[in-house]
Structure formats: structure tokens, C-alpha cells
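Accompanying notes for the structure given below.
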Amino acid sequence: MREPERKEIDGKVYEVTPMPTSKGLSVMQRMAKAAMPAVLKAARGETGGELVAVADLVESLASDDLPAIAKIFAEHSMVGDGESMVKLSGVFDVHFAGDYLALFEWLTFAAKVNFGPLLDGLKRRAAQRAASAVAAPQK
């Protein structure tokens, strides 16, 4: 299992432990279902610009699954000053009350801790395949 990672956001330290595989797969499936329509729209150039693409993605992620996804990530997160840490799931509603910017920064961090290595690996493989296709002789 990979080690927990820490990040400071607005003066508070967040520690995220990668989720167990079965829980991570469930969250990945929910996130993909919510975000995929906006990602495909952006990939096809149907968004009308970068700002519209971001708005489409945020709208798609603001599905009914977002609170459940956030609470799952909170089960695997701690918050505090770096020395005194508490489980985020125990203080979630009070901790982020009215601070949705910090909530989304933490949520982005939690997603990167859990799925960043997968996305990085997929990018590397795609680049390797593209390089192999260019280097291979044409038939």
C-alpha cells in the first residue's frame, strides 16, 4: 500500500491515505460516470472555450454522487496542524462549512493521491504507443 500524503491548504494540513482497492474502484466508477460527458465534450471541442469546458466539468461533478464521493475520501483523510490531526470524516460538515474553495482543493488533492499514479501511467503508456507508432515502418 502506498503511503499517506500531506498537503497544506489555507493553513491547515490534510493527510490523505490511498483507499483500499475495492473502495477506490467504486469511487473511480462514480467519478467517471459523472465527469465523462463533460470530458468527451471538451475533447471534441464542443465546449465553446476553456471557461465553458471547466463549467461543464464542474456541473457534471456536482451530481448526486459528489457528496458521497467527498465523504468516502474524508474517511481516508486527516486534518489538523500537522502534529495534532483528527479524522476528517468526524468534522467534515463543520470543517468545510461555507468554505467550498478549500473543500474542492482538498477533494482535488484526495483524488490525485488516489488516482494520480493511474492517470500518470496511462499518459506514459499513450506517449510510448504514439512514439512506437511513429518509429514503426509504414506498411
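The values are calculated or read from the model by the stated rules, or taken from the named source; none is laboratory data. Keep in mind that this is a model prediction, so the values were computed, not measured. So basically every Cβ, Gly included, is an ideal-geometry build from the backbone, and we count neighbours across all protein chains shown.
Can you list residue pairs whose Cβ atoms sit under 8 Å apart, with the first residue in region 59-73 being surrounded by 13 or more Cβ atoms within 10 Å (Cβ to Cβ) and the second being modelled with pLDDT of 85 or more and among the charged types (D, E, K, R)? Count only pairs 6 or more apart in sequence or on different chains.
Ile72/Lys23
Just to be sure I understand the filter: pairs with C-beta atoms under 8 Å, separated by 6 or more residues or on different chains, first member in region 114-131 and within 24 Å of Pro4 (Cα to Cα), second member surrounded by 11 or more Cβ atoms within 10 Å (Cβ to Cβ) and among the hydroxyl-bearing types (Ser, Thr, Tyr). Which pairs pass?
none
Looking at this structure, is Gly90 assigned to a helix (DSSP H, G or I), among the small types (Gly, Ala, Ser) and at pLDDT below 85?
no
Quick check on my filter: what residues within region 93-113 are among the hydrophobic types (A, V, I, L, M, F, W, C), farther than 18 Å from Arg2 by Cα and assigned to a helix (DSSP H, G or I)?
Listed by number, the residues that qualify are Val94, Leu101, Ala102, Leu103, Phe104, Trp106, Leu107.
Quick test of your reading of the structure: Lys123 fulfils all but one of (1) surrounded by 10 or more Cβ atoms within 10 Å (Cβ to Cβ); (2) farther than 14 Å from Met31 by Cα; (3) modelled with pLDDT of 80 or more. Name the failing condition by number.
Exception for Lys123: condition (3).
What pairs come out if I take residues in region 79-91 that are touching a residue at least 12 places away in the same chain (Cβ under 8 Å) and pair them with residues that are acidic (Asp, Glu) whose C-beta lies under 6 Å away, six or more apart or interchain?
Listed pairs, sorted by first residue: Ser89/Glu75.
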